[in-house]
Amino acid sequence: MSELLDFLRLLFTDPFGLFDIPMREWVSDAVGWIVSNFRDFFRSHVSPPVRGVMETFQWALSSVPPLIFLALLYIIAWRAASWRVAVFAVIAFALIGFMGVWDQMIVTLSLIATGVFFCILIGLPVGILCSRSDWFYAVVRPILDIMQTTPPFVYLIPAVMLFSIGNVPGLVATIIFAMPPMIRMTNLGIRQVDNDYIEAAIAFGSTPLQILTKVQIPLALPTIMAGINQTIMLSLSMVVIAAIIGAGGLGLEVYAGLERLNIGQAFVGGIAIVLLAMVLDRITQGLGEKGPASRAKD
């Protein structure tokens, strides 16, 4: 009788004390098993292509003289959005240069480009598969929820354990964190294509591949571009956080300023990040919202 009373008392006062889920031990053991069995694989097969793409982007961006870079930026922003966005982009990047963090901005931009490249390379086919199969999307959806809602700092620990410190673990964490919008928006855009267009393409004898590449993807492009826009913004936020584990760029400028209590250095890095984010956001939004006719008019 006393044991029953103790159980009831514990049930009403501290019900969570009745049973303990050893989630910490399970996760630690799982990560430890992955690290001990797959560290060599990740370092020899995953790290080289990620590092190679990043170094290619960084070399290409850093090889362009600043004035030519600004001229190309103006042309890209003008054709993608409007002349107003182009002027703003040039002024923003010029301010970054005059603040003395041009080289750090180039590193950050190369990290973002690498992350977005792999997010599109992986996310676009997965999104297409999700739009083709309801059961496949039902399996992928909770995984995307976990990837998108897990705090960014959580990704840094296993990334460092698998790849050591540097740009590569930061990029791997960035790819995982920024990929879900690409998959979700690709799936949504293709599913929203009107069946009348698909039926017309079938009536003209189009193959499934032709329907996908010439009907569904072009019509879903604004939604896909919205996914790319979100992916770029998430990549930028994660690249900044990845400075903690050795990724360079503007994030390192902010982190070093905070570590040294140098508010000026941290402020300059933060302002440069804001300007870079605004320019990338305006350009990608313009690509998604404006059609060829309106671009030619601008």
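Read the figures in this text as sums done on the coordinates, not as results from a lab. Values in this document were obtained by computation on a predicted structure and should not be read as measured data. Reconstructed Cβ throughout: ideal geometry from the backbone, glycine too, with neighbour counts over all protein chains shown.
Details
- Global form of region 22-162, assessed from the alpha-carbon gyration tensor, a/c cut-off 1.5: prolate
- Helical runs (DSSP H, four residues minimum) scored at -39500 (n - 2.57) apiece and divided by the length of the chain put the mean residue ellipticity at 222 nm at -27000 deg cm²/dmol.
- Inter-label distance, W26 to S63: 5.0 nm, where each label sits 7 Å from its Cα along the C-beta direction.
- Only Lys, Arg, Asp and Glu carry charge here, each on its Cβ (+1 for the first two, -1 for the last two); on that basis the chain has a dipole of about 1000 debye about its Cα centre.
- Calculated diffusion of region 41-297, Stokes-Einstein form, Kirkwood radius summed over Cα pairs, 20 °C and 1.002 mPa s, µm²/s: 110 µm²/s
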